[in-house]
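Chemist: What follows is a structure written as structure tokens; I'll ask about it next.
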Amino acid sequence: MEKGKKVLIGTVTLDHDIEMDNRAFTYAASFEVLKVEKGEYPIYAYVGDLNRHSGTTELGWRNYIGFEGTVVAGNVGNEVGAHSHYHMHVYNYELARHFLEMRESKGLCQFTYNLRPEWGIAIYDFVSKFDNRRIFTKGVVLKDEENITYM
């Protein structure tokens, strides 16, 4: 598999337009505010970022939600009214929580998360080497490698 290829994990659907503040730029003062229209957006990872161990494939620490919209403010080069993208970084355990809870509200906008059928949620149980406490965490794992969907 090509490491730079994108794997579709699921989607998020927005029921209203929303403004999103993108600060994922090189300089701390750089920003872009996008008006993201209601609709469906992909949740994805790169093949090279998937973790494979003990016969299991799971998401790594770099996963993204691919929003796009219209610039309403910013200082990174795109002018107001221009089309732009915001690929929001999301950790594996955060995605697992989103998919389990299915819905999240941000202001008046409802986000609905849908996990593709070839993916599932795993719960991990281990004892911390730091303080010997029992820890539970969750993650998104690939159930069916034969039917993996690429973008």
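Chemist: In segment 102-151, what residues are at positive phi and surrounded by 11 or more Cβ atoms within 10 Å (Cβ to Cβ)?
Modeler: Met102
Chemist: Pull out all pairs, ordered by first then second residue, where Cβ-Cβ is under 9 Å, the residues are six or more apart or on different chains, the first lies in segment 131-146 and is without any contact (Cβ under 8 Å) to a residue 40 or more places away in the chain and part of a strand (DSSP E or B), and the second is among the aromatic types (Phe, Trp, Tyr) and exposed (fewer than 14 other Cβ atoms within 10 Å of the Cβ).
Modeler: From segment 131-146, the pairs are Arg134/Phe126; Ile135/Tyr124; Ile135/Phe126; Phe136/Tyr124; Phe136/Phe126.
Chemist: To continue, here is another question. Which residues, counting only those in segment 105-125, are assigned to a loop (DSSP other than H, G, I, E, B) and of a type in the set (Asp, Glu)?
Modeler: Glu118
Chemist: Could you tell me whether Ile65 is among the aliphatic types (A, V, I, L, M) and in contact with a Cys (Cβ under 6 Å, 6 or more places away or on another chain)?
Modeler: The answer is no for Ile65.
Chemist: On to the next question. Taking the condition at pLDDT 95 or above, acidic (Asp, Glu), touching a Ser or Thr at 6+ places or on another chain (Cβ under 9 Å) and under 17 Å from Asn22 (Cα atoms), does Glu32 pass?
Modeler: No.
Chemist: From (1) within 28 Å of Thr149 (Cα to Cα); (2) among the small types (Gly, Ala, Ser); (3) in contact (Cβ under 8 Å) with a residue 24 or more places away in the chain, pick out the condition that doesn't hold for Ser54.
Modeler: That leaves (3) as the condition not met.
Chemist: Take segment 27-79 and flag every residue that is buried (at least 19 other Cβ atoms within 10 Å of the Cβ), under 15 Å from Val12 (Cβ atoms) and of a type in the set (Gly, Ala, Ser).
Modeler: Ala45, Gly69
The values are calculated or read from the model by the stated rules, or taken from the named source; none is laboratory data. Because the structure is predicted, anything quoted here is derived from the model rather than measured. Every residue, glycine among them, receives a Cβ derived from its backbone with ideal geometry; neighbour counts consider all protein chains shown.
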